[in-house]
1. Roughly what angle does helix B:3-41 make with the longest principal axis of chain B, taking Cα atoms, 0 to 90 degrees, to the nearest 10?
2. Using the Kirkwood formula on the Cα atoms of region A:20-175, what hydrodynamic radius do you get, in angstrom to one decimal?
3. Which of B:Arg107, B:Arg125, B:Arg65 moves most in a GNM of chain B, Cα contacts under 10 Å?
4. Hydropathy first: keep DSSP H helices in chain A averaging at least 0.0 on Kyte-Doolittle, then drop any whose Cα extent along the axis falls short of 30 Å, and list what survives.
5. Considering only the other residues whose Cβ falls under 10 Å of the Cβ of A:Asp81, what net charge follows from Lys and Arg at +1 and Asp and Glu at -1?
6. Using only Cα atoms, what is the ratio of the radius of gyration of chain B to 2.2 N^0.38 Å?
7. Given the options A:Asn41, A:Val67, A:Gln163, identify the residue whose Cα lies farthest towards the positive end of the charge dipole of region A:14-257 (+1 on Cβ of Lys, Arg; -1 on Cβ of Asp, Glu).
8. Around A:Ala321, with a cut-off of 13 angstrom between Cβ atoms, what is the net charge of the other residues, counting Lys and Arg +1 and Asp and Glu -1?
Amino acid sequence: MNRVAPPQTPVAVPMVTFENVIKRFGGTGKQPEFTALDGVNMVAPRGAITGIIGRSGAGKSTLIRLVNGLEKTTSGRVVVDGVDVGDLPETGLRDLRRQVGMIFQHFNLLSSRTAFDNVSLPLEIAGMDRKTIRNRVAPLLDLVGLGDKSDRYPAELSGGQKQRIGIARALATEPKLLLSDEATSALDPETTQSILELLKTINRDLGLTVLLITHEMEVVKTIASQVAVIDKGKIVENGSTFDVFTAPKHETTRSLLSAVIGAKLPEWISADLKQAPAEGARALVRLVFFGDTAFQPLTARLVAEIGPDVNILAGAIDEIAGEPYGSLVVSYPADPDTLRRADDFYRQTGLYTEVLGYGA
Amino acid sequence: MAPDMLVSLLWKAFLQTMYMVAAAGFIGSLIGLPIGIFLATSGKGELFPAPTVNKIVGATVNAARSTPFIILVVAIIPFTRLIAGTSIGTAAAIVPLTIATIPFVARLIETSIREVDKGLIEAARAMGATPFQIVTKVLLAEARPGIILGLTLTLVSLVGYSAMVGAVGGGGLGDLGIRYGYQRFMPEVMLAVVVVLIVVVQAIQSAGDMLARHFDKRTRKN
Ligand SMILES: Nc1ncnc2c1ncn2[C@@H]1O[C@H](COP(=O)(O)OP(=O)(O)OP(=O)(O)O)[C@@H](O)[C@H]1O
Ligand SMILES: [Mg+2]
């Protein structure tokens, strides 16, 4: 008898799973109770870079600190590679932490140790002997491009270099998961890009799963293949980065998105925008086209469909999670006829649109 | 006073002062260090949480620190006799000096440790460090320049305190200054004592500063 194996659908294996996670602070004594995480459910797939994005105070740090047990859930489960973190005794937790690296916004390097000795620290903590440590640390410094800075103290390094040391340190124990808490928030845009490139390389070459939190859309859009949007302790949207940001459903996602979907309006235009159209006003609309449509001759069709009186005020082409998108800010007369034609056109093409306001 | 006589008196008093300062500084720091570490790490939600004991130890340290030294010397005479076998002389003077040093060192160590960036404790916990490893590998290492400066301050203060133990026959430079310079009205002895004390304090301070600077890598040099 011939048995054919059923076709395998590539189901993502979870590295981190949050199940109905609730985290409350305070509630004892004078402190009022505060719910920092309010029923979080999400999965960070193995081998992927998963981003969690949200505004300040949304609960991002709290969420990531649950993963290595720096914080305990009030209820619900956090499962890392099949192990329920909440079940672990203190010793088990320490073992887990040696398999989970972490990098920080302010690097948290020991000022009293050289770059080399900082990277050695987790290995010393794990009780390794000097020789093993020496053999491990040198290649790590090379990996992060700082082989020549081995004897430098953190005070003698730039922010980007410090974060590279932080990354080398986080990789020292050969973890299966890397947690990043705003690792690029203290860096300038260029250095941010180089650190993100490094994380991407590590993810690809070492197959390391990365869970990163950030308030910068730029970070997520550059390296995360998965994203969760967190707002006031709740995950409001969740999925592949491209899907979430090409069809943003939640208000928070939309506003985070508009910060990076290029084409910022000049101040003198945006200052005069009204919420409602006045007599003879023009509508200012942001159009975002994703994937293939990004390169279609949309402007030509726009003019053809809406009418000749379409002005282009700003525009940009960029990519999200490696896929292209373009954005345009256009204006046209806000009369009922033109608006209806525009709406029809948008509906046909599935363009993402956002009415910015009405101006003269 | 004949110069060679003055020199020999000064030398003897200098050695007594050094002996008292070194012995009390060493023993006092040895006992004060763990107390300081305890104070810095045993508050609520800290590495070794024991808030009640922390409060009791803290209050005791405060009480000891607010007792004027000269009163302490007299108050603990029975204890001094128990430890040193006698209540007068240089060896006996070391007991109250040590007792005064302990809370002083404890608070200085506590302060230095508390100044260590909390982010480093967080990072070490995230690496899987035990609380003990956090103390030895992170807190003490990072607090080292502060601790050295604190111990320097302790030694300098001890030089001053040691001048007061003449009251229990402790000898030393301060005692020499009082007995010859003041009571027998020999201003040249007083002057010589003051000069030697200034030199001693300067030397201790410079050595401490140098050592602290050597271990302080927090800012870029040159
Ligand atoms: N230990 C704590 N005790 C009480 N409240 C806390 C504690 N830790 C965090 N919170 C509260 O929980 C909320 C979420 O904090 P969290 O640090 O997770 O935010 P975040 O999303 O990381 O913000 P940011 O981007 O500013 O770092 C905040 O309102 C914060 O005040
Ligand atoms: Mg945070």
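Here, each number is a calculation from the coordinates, and none is a lab measurement. Because the structure is a prediction, the values reported are computed rather than measured. Reconstructed Cβ throughout: ideal geometry from the backbone, glycine too, with neighbour counts over all protein chains shown.
1. Approximately 20 degrees, to the nearest 10.
2. Kirkwood radius, region A:20-175: 17.4 Å.
3. Highest fluctuation of the listed residues: B:Arg125.
4. Flagged H segments: there are none.
5. Charge balance near A:Asp81 sits at +2.
6. It is 1.18.
7. Result: A:Val67.
8. -3
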